[in-house]
Amino acid sequence: MAHFHQHIFARPVGTPDATAWNDVESWEAAPRVDAAELEQLCTMLRKHFTA
């Protein structure tokens, strides 16, 4: 079955160019969110990706 698959990698403003998408732990000043904030973000994004 054909389908579309999309990954979203958020890069906060100020992310150093040298910081790879898969190496978030190397940037000590990176913004962090707790579980509740992550769930809120997922809820906001979900409505844009639900068929």
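The values are calculated or read from the model by the stated rules, or taken from the named source; none is laboratory data. All figures in this text were calculated on a predicted structure; none of them were measured in a lab. Cβ sites come from the backbone with ideal geometry, for glycine too, and all protein chains shown count toward neighbours.
Worth pointing out:
- Ala2 loosely packed, with under 11 Cβ neighbours inside 10 Å, small (Gly, Ala, Ser), without any contact (Cβ under 8 Å) to a residue 12 or more places away in the chain and assigned to a helix (DSSP H, G or I): no
- Close pairs (7 angstrom Cβ cut-off, 6 or more residues apart or separate chains): farther than 18 Å from Leu41 by Cα in the stretch 10-23, modelled with pLDDT of 85 or more and surrounded by 10 or more Cβ atoms within 10 Å (Cβ to Cβ) anywhere: Thr15/Trp27; Pro16/Trp27; Thr19/Ser26; Thr19/Trp27
- Selection count, the stretch 21-51, where residues are in a loop (DSSP other than H, G, I, E, B) and surrounded by fewer than 10 Cβ atoms within 10 Å (Cβ to Cβ): 8
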